[in-house]
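Inspection log for the structure reproduced underneath, given as structure tokens.
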Amino acid sequence: MASTPVRTADSLLSALDPLPYPRCMRELALRVRVMSPLRPVLDALEARGAYERGIAVVAASVARDTQWIAEHIADADPFVRGHALRVADSLQVPETVYESALGDACEAVRRDLLRAIVVGRRTALADRLVDGLRRDRGDAEAARLLPGCAPETVARLLPGLFHAVTGWKTLAKRHPRAVLDAAEQALATLPEALRAPWWNRYAPAVTATVTAEPLRALALLERLGPETMPLQPWEHFGDFAAADPGRFLRLLLTPAWHAVRRYRVLGPGVLRTLARSGAPELATYGKVLADDGELAPLLRALPPAQRHSFYAAAHEGRGAGVVTVDAVVLEALPRRCVAEEARRMAEAARESGGPANDRSPSCAPPSCASRSWTCPSPTASATPAWSATSPPRTTPTRRPSRSTRWPAGPPGRRTRRRFSPRPRRT
């Protein structure tokens, strides 16, 4: 009995039906390579349901049937259309096929076609379509095609399409200078009172260009920045610090960037880059952090040999104010300087009438929140600074045995069990 395309399609589906997906795809690829002619079998599969049409588009991709794929890049089925668009570039589907498919396509199909043109970097086709698409479909459709256009076309159209762009990452990655030029032009024409709403809406546009053009983005923030820094550029502070630490430190000292200093937005990597850059603005930045009580993270980012001198320079010329023993700063300082600084802090706190012997967690190290602490000393004979302002130690100096009862903690506080029972066997 002669084999017909319908019987061949039935045999193929019967062989693939019981297999799991990975083996199904391998079996399909093996059968398609030896199947001739293939086009009648594809037509027989396409005449059936959605599953069979999905098998047909995979088979056409394996067989590299360019004509069949070109006929289905605007298919109504999302799976068939998506798979056809993914392999269209490798099969070199002509640009005229895209142009004709866009003519009467619905919105979902048109969006997928425009995305495929951008991803495939069909620049000539995008330049040829963008003006007519803007005239017929509006600014939103033209803005979707804009990342695939040439730099000259983007520079010409972006100022008028700036309000319609939603995918800033792709556009800024390919055309960062055009995005910054359009942003600078828009900000220059706005009065100062309207810049804050502009930044609230278009901060992602400038943020997306920081990786490619950090110096230009930094200059835009210096000249035309908002009164309060928006949240979006915070993730790119490392790029600013690596590009120009001095300019970035000057920006951090402005009132608009007060929230960045206050809420410790700068991560350890950014602080390390700034601390080891040697920028002259670092000393002024340290004084500002000392006034805000946020100097400890910057101290930890410095090399250990420079921490004490930087700490002394940051506190030079400051008034007394409210003096406490800042254990967080003491932990960041080198060990050889801790005793001297702790003694100085305690004496200053005593002179100002502050709680010099306060051992609350806010002014004591984490290991000292529940017991008195002796400040580490570089030599065994040095007098501990903390012991001069603290009551005598009441805890035993030797480690107690198992039978020794520990003193009860404060009322309402649960004490940690020293020995946990052996877990039960279930």
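The values are calculated or read from the model by the stated rules, or taken from the named source; none is laboratory data. Quick caveat, the model's predicted, so the values are computed rather than measured. Glycine also receives a Cβ, built like all others from the backbone with ideal geometry; neighbour counts cover every protein chain displayed. Protein only, heavy atoms only, side chains kept; ligands, DNA and RNA dropped before computing areas. Shrake-Rupley method; radii C 1.70, N 1.55, O 1.52, S 1.80 Å.
Taking Cα centre as origin and charging only the Cβ of basic (Lys, Arg, +1) and acidic (Asp, Glu, -1) residues, the dipole magnitude of segment 142-214 rounds to 280 debye. Judged by the mean number of other Cβ atoms found within 10 Å, the most tightly packed of the peptides 94-100, 20-26, 180-186 leads the ranking 180-186, 94-100, 20-26. Let's test the formula: R0 of 41 Å, r as the Cβ-Cβ distance of Glu192 and Arg350. What FRET efficiency results, to the nearest 0.05? According to the calculation, E is roughly 0.25. Going by accessible surface with a 1.4 Å probe and the largest first, Val328, Val288 read Val328, Val288.
Each Lys and Arg contributes +1 and each Asp and Glu -1, all at the Cβ; summed about the Cα centre of segment 163-280, the dipole is approximately 300 debye. Restricted to Cα atoms, segment 271-351 shows a radius of gyration and a Dmax of 12.3, 38 angstrom. Ranking Glu331, Glu227, Glu281 by solvent-accessible area of protein heavy atoms (1.4 Å probe, all protein chains present), from largest to smallest, gives Glu227, Glu331, Glu281.
Ordered by solvent-accessible area of protein heavy atoms (1.4 Å probe), largest first, the residues Asp104, Asp136 come out as Asp104, Asp136. Taking the centroid of alpha carbons for each part, segment 119-170 and segment 178-193 are 19 Å apart. For segment 1-56, the calculated P(r) over all alpha carbon pairs, in 5 Å bins from 0 to the bin holding the longest distance, is 4, 19, 33, 28, 13, 3, 0 percent. Just need log10 I(q)/I(0) for segment 60-199 at q = 0.15 Å⁻¹, Debye formula, equal scatterers on the alpha-carbon atoms, no solvent, rounded to two decimals. Values, matching the q order: -0.75.
Model label sites at Ser11 and Asp127, defined 7 Å from Cα along the beta-carbon direction, differ in position by 5.2 nm.
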